[in-house]
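Structure, as structure tokens:
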Amino acid sequence: MSDADMNKTADSDKIRKKFWKAMADSPCVMIALEGDLRHAIPMRAQLDKDANSAIWFYTSGHNRLAKGGAAMMQFSAKGHDLFACVSGNLTEETDEAIIDKHWNNAAAAWYEEGRQDPSLLMLRLDLHDAEIWEADPGVVGLFKMVTGITMKGDELGDHAKIPL
């Protein structure tokens, strides 16, 4: 592997770790099924530190995402310093152990009958890949933004296309 390839891999690993940390700090995302021209839906992600290629969501069987399929998820970090667009496939999660593992008060607040609510559905987004933008302009970038000097793309932060 060349030095350039090793640096690219290191950069991808760094931005991937920042993505997962930002998701843990603020797990709210927008999701839409591919080919569905309706607006994306806000969802609260249920993250598992041991499963870095899937994210879960509690919803209702009446939600338009319930049918599953190819999906796109958008994420913006709390501080607006990291943005991601993630592709994946939504499917119903049927493993009761996983459904129970992620159940919490925030999820319970949405269901009249709690965990036993007949409308409760858990979806799993199996992640394929992502484009992640890190908005960290640094000193030179900040100076250019404040003074109106034209910025180059790499002066605003890192950008990576990564498999998840």
Tally up the residues in segment 59-73 that are among the small types (G, A, S), without any contact (Cβ under 8 Å) to a residue 60 or more places away in the chain and over 13 Å from A130 (Cβ atoms), please. 4
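Sort out which residues of segment 107-139 are small (G, A, S) and either free of Cβ contacts under 8 Å to residues at least 60 places away in the same chain or farther than 30 Å from K14 by Cα (or both), and write them in order of number. It would help to see each step written out before you state the result.
Taking segment 107-139 and keeping what is small (G, A, S), we get 107-109, 114, 119, 130, 135, 138.
Residues satisfying the conditions are A107, A108, A109, G114, S119, A135, G138.
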Where in segment 70-164 are there strands (runs of 3 or more DSSP E), lying wholly inside it, with at least 3 residues that are hydrophobic (A, V, I, L, M, F, W, C) and modelled with pLDDT of 90 or more? 82-92, 120-134
May I ask you to say which residue of S87, S76, S53 is closer than 17 Å to E131 by Cβ, of a type in the set (G, A, S) and surrounded by fewer than 16 Cβ atoms within 10 Å (Cβ to Cβ)? S53
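Each row is one residue, and each column tells you yes or no for (1) closer than 20 Å to A107 by Cβ; (2) within 10 Å of the chain's Cα centre (by Cα); (3) without any contact (Cβ under 8 Å) to a residue 60 or more places away in the chain; (4) assigned to a loop (DSSP other than H, G, I, E, B).
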{"position": "K21", "(1), (2), (3), (4)": "no, no, yes, no"}
{"position": "L37", "(1), (2), (3), (4)": "no, no, yes, yes"}
{"position": "P42", "(1), (2), (3), (4)": "yes, no, yes, no"}
{"position": "A51", "(1), (2), (3), (4)": "yes, no, yes, yes"}
{"position": "F57", "(1), (2), (3), (4)": "yes, no, no, no"}
Among the residues in segment 86-94, are any more than 19 Å from the chain's Cα centre (by Cα) and not basic (K, R)? yes
Of the listed residues (E112, E93), the one being acidic (D, E), over 25 Å from W133 (Cβ atoms) and buried (at least 18 other Cβ atoms within 10 Å of the Cβ) is E93
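The values are calculated or read from the model by the stated rules, or taken from the named source; none is laboratory data. Given the structure is predicted, the values throughout are model-derived calculations rather than measurements. So basically every Cβ, Gly included, is an ideal-geometry build from the backbone, and we count neighbours across all protein chains shown.
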